[in-house]
Amino acid sequence: MLFSALLLVFLFAVTFFQAMHGFYSALIMLVLTLCSAAIAVGTFEWVAANWAVKLWPEYAHALALAGTFALPLAVLRALFDQIVRRGILLPVWLERAGGGVCGLITGLICTGMLGLSITSLPWDRGSFLTFARVDFQEPDIASEEQVEEPEPQDPEITHNLLFMPDRFAIATGAYLADHVFGAPPAAFRDTHPDVVEAMAWNNAVPMEMQRYAPEGSISLVEGGPRKVDYVYFCTFEGRISENDPPVGPESGKEFWAYRIEILPEARRQYSFDAFTPRQIRLVGRTRPSGPLEQFYPIAIEAPDGSGKHMHTMIFRHGNWPVVDMSFLPKEGSNNQVEVVYELPQGFRPEYIEYKLGARAEIPSGDADVTGGPGQSAGVSPSEASGGNSTITADSGGGTGRPGSSTGVTSEDATVPSVDRGGRVRGVTTRVGRSGFTDGMPVTLKKYSTLKDTQIRGEVVEQGHLVAYADEQEQGGSAPVSYFKVPDEMRLLQLNVMNLKAGSLFGKAMQQAVVTVQNYTVMDDKGERYQLCGKIAAAIVGDREVIEVQYFPEQVGSIGGVGPFSVIKERDLNKDETLILLFLVKPGVKIVEFSTGGQANRADDLKGEDLISPE
């Protein structure tokens, strides 16, 4: 609390100082502070790894963060003071009010950078002036007369500074670095799930323990991760307890064990490799297009040679989770360590980081440790369906989250019923062929892009793609397999059939439906969702064309989903594939599909069981 109070005083001082200098000066300072924050976020890791670690490895990241922020800010401020000699005369109240607002934002960023830099220094257990991000109560087994031992704090909680200026500063700098000063492939927020928490975990160790390990100083042991059913209580002597029941994973989660080898390069100050489990961080994604998440181990291999993993150690006066306790690799283990993580089902790990600096990428074959529904680890959606590179009318949108409803056994299921609104509607849904998933029905390996297309890795963030099926085997483009879906939404891929009207009135109505594209779905709470994209596969001339549109940020607006570029309406007969994309809230059931207008009856989807995953 004392440290937060001192930072609060610093924040007020900066705000007051900027307010007294007036709106114009404070605005210039705010712009320079924002630029410096972006520079710091984008460069401090590189500066730490390439320069600072050669002199002060344990202080490298903290000093690099402070230096890359303060030095550019000082230089830019001195430069602008020489260039901008005169201010702008404004009313006094505007000078004070505007200066105060700009000063407050400047103060938050400066305070955040200062606070994060100080707390990242190698303090004992990361505690400085009574503030510690991670609670730790070391067990005391020396005093046999002591009856009451303080219970350990919750290891899941990471404490924050008052008003969280450090998180504000990092988030602001990351946003500017990604969207103003940086290119999308280098997006900081896409590669750093939570910088503040990661540095806090790594720093919550005894003062004499190393915080930094150089790049290339760990490796994954061959064999990949393995699933673990239970973790155990362990006695202080190192034996699995027979009196305490084993612990299983929470609902919707699974235990997975990873074995790493700590190489000699990791040792600098000592001839041994001491660590806490929090310093072995696993990073990956629960959804292919979702944000990165990070996890620390909840158990470590027991020293008794049983092959089991200890989750909690039993001491004389209480039980303590192993997460913050110090360990060494077992003797005779070739300096290998096996730790267990509790991961959500469908989690796709990307890398393991040991302390700060040492990182081991996880091979793509281990990308989906839980083997998602209908898909083995590391397999693309098209490979999971038998290796086909084209989309069929049976496609339900690839593999993905639980809750998708895809397989169909009846050939008659593709025939629209009378209750589905009649041919005047233009399109109608195919029974049993739709579902929720981020995956594309087919992995595209060669394609052209149109209309502000943004692709990151194998994920389409937005845009318009055109591909030819006969070119997919040879490839030539960066493969894409998934759509980027906002965290608060789920992607419904609705498989529909294009109908041909017979009457003149029907043809006119169908043309209106296709032109306006006012397609919507409604959930069981009455909320409607508009079209955000569509996928089609059809024979054009003598070649099969695959065309994809996806615009999640332009739903219902001009400039979003439009007509296909190559595939025309006449090419989409009832045997061709047309999939409509809708972003839907989690936990709702889709009960209706409509093409809009009073003359068009809606499709009743209550029997489809289209429930969006939580």
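The values are calculated or read from the model by the stated rules, or taken from the named source; none is laboratory data. Small disclaimer: the values here were computed from a predicted structure and weren't measured. Neighbour counts are summed over all protein chains in view; Cβ atoms, including those assigned to glycine, are modelled from backbone coordinates with ideal geometry.
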* Output yes when any residue across the stretch 41-59 is crowded, with 18+ Cβ neighbours inside 10 Å and closer than 18 Å to residue 108 by Cβ, and no when none is. => yes
* To do: For residues that are of a type in the set (A, V, I, L, M) and assigned to a strand (DSSP E or B), scanning just the stretch 228-267, find the one that is farthest from residue 282 (Cα to Cα).
  => 240
* Residues being in contact with a Pro (Cβ under 9 Å, 6 or more places away or on another chain), of a type in the set (A, V, I, L, M, F, W, C) and not in a loop (DSSP other than H, G, I, E, B) - total across the stretch 202-227 -> 1
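May I ask you to verify whether residue 182 is out of contact with any Lys or Arg (no Cβ under 6 Å at 6 or more places or on another chain) and at pLDDT below 90?
It is true that residue 182 is out of contact with any Lys or Arg (no Cβ under 6 Å at 6 or more places or on another chain) and at pLDDT below 90.
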* Name the residues in the stretch 346-373 that are at pLDDT 85 or above and either surrounded by fewer than 18 Cβ atoms within 10 Å (Cβ to Cβ) or in a strand (DSSP E or B) (or both), would you? -> 348, 349, 350, 351, 352, 353, 354, 356, 358, 359, 360, 361
* To do: Please go through the stretch 276-309 and pick out each residue that is of a type in the set (A, V, I, L, M) and either over 20 Å from residue 199 (Cα atoms) or assigned to a loop (DSSP other than H, G, I, E, B) (or both).
  => 292, 298, 299, 300, 302
* To do: Within the stretch 75-87, identify whether any single residue is in contact (Cβ under 8 Å) with a residue 24 or more places away in the chain and assigned to a loop (DSSP other than H, G, I, E, B), and answer yes or no.
  => yes
* Out of the residues in the stretch 471-498 that are more than 28 Å from residue 291 (Cα to Cα) and of a type in the set (D, E, K, R), which is surrounded by the most Cβ atoms within 10 Å (Cβ to Cβ)? -> 471
* **Selection status of residue 33, under 29 Å from residue 178 (Cα atoms), modelled with pLDDT of 95 or more, hydroxyl-bearing (Ser, Thr, Tyr) and surrounded by 14 or more Cβ atoms within 10 Å (Cβ to Cβ)** => yes
* Kindly indicate whether any position in the stretch 84-102 is hydrophobic (A, V, I, L, M, F, W, C), under 27 Å from residue 189 (Cα atoms), at pLDDT 90 or above and touching a helix residue (DSSP H, G or I) at 6+ places or on another chain (Cβ under 9 Å). => yes
* Asked: Which residue out of 64, 26, 70 is part of a helix (DSSP H, G or I) and out of contact with any helix residue (DSSP H, G or I) (no Cβ under 6 Å at 6 or more places or on another chain)?
  -> 70
* Tally time: how many residues in the stretch 220-244 are touching a Phe, Trp or Tyr at 6+ places or on another chain (Cβ under 8 Å) and not polar (S, T, N, Q)? -> 11
* Residues in the stretch 330-341 that are modelled with pLDDT of 95 or more and surrounded by fewer than 21 Cβ atoms within 10 Å (Cβ to Cβ): how many? -> 0
* Asked: Which condition breaks for residue 38 when tested against (1) within 23 Å of residue 111 (Cα to Cα); (2) out of contact with any helix residue (DSSP H, G or I) (no Cβ under 8 Å at 6 or more places or on another chain); (3) touching a residue at least 40 places away in the same chain (Cβ under 8 Å)?
  -> (2)
* Select from the stretch 456-477 the residues that are at pLDDT below 90 and over 27 Å from residue 541 (Cβ atoms) and list them in ascending order. => 456, 457, 458
* Yes or no: residue 566 crowded, with 17+ Cβ neighbours inside 10 Å and either basic (Lys, Arg) or in a loop (DSSP other than H, G, I, E, B) (or both)? -> yes
* Does residue 168 count as of a type outside the set (A, V, I, L, M), in a loop (DSSP other than H, G, I, E, B) and either modelled with pLDDT under 90 or surrounded by fewer than 19 Cβ atoms within 10 Å (Cβ to Cβ) (or both)? -> no
* Would the stretch 171-185 turn up any residue that is out of contact with any helix residue (DSSP H, G or I) (no Cβ under 9 Å at 6 or more places or on another chain), within 27 Å of residue 122 (Cα to Cα), in the same structural domain as residue 123 (by TED's automatic domain parsing) and in a loop (DSSP other than H, G, I, E, B)? -> no
* Could you list, in sequence order, all residues of the stretch 452-488 that are more than 21 Å from the chain's Cα centre (by Cα), part of a strand (DSSP E or B) and without any contact (Cβ under 8 Å) to a residue 40 or more places away in the chain? => 452
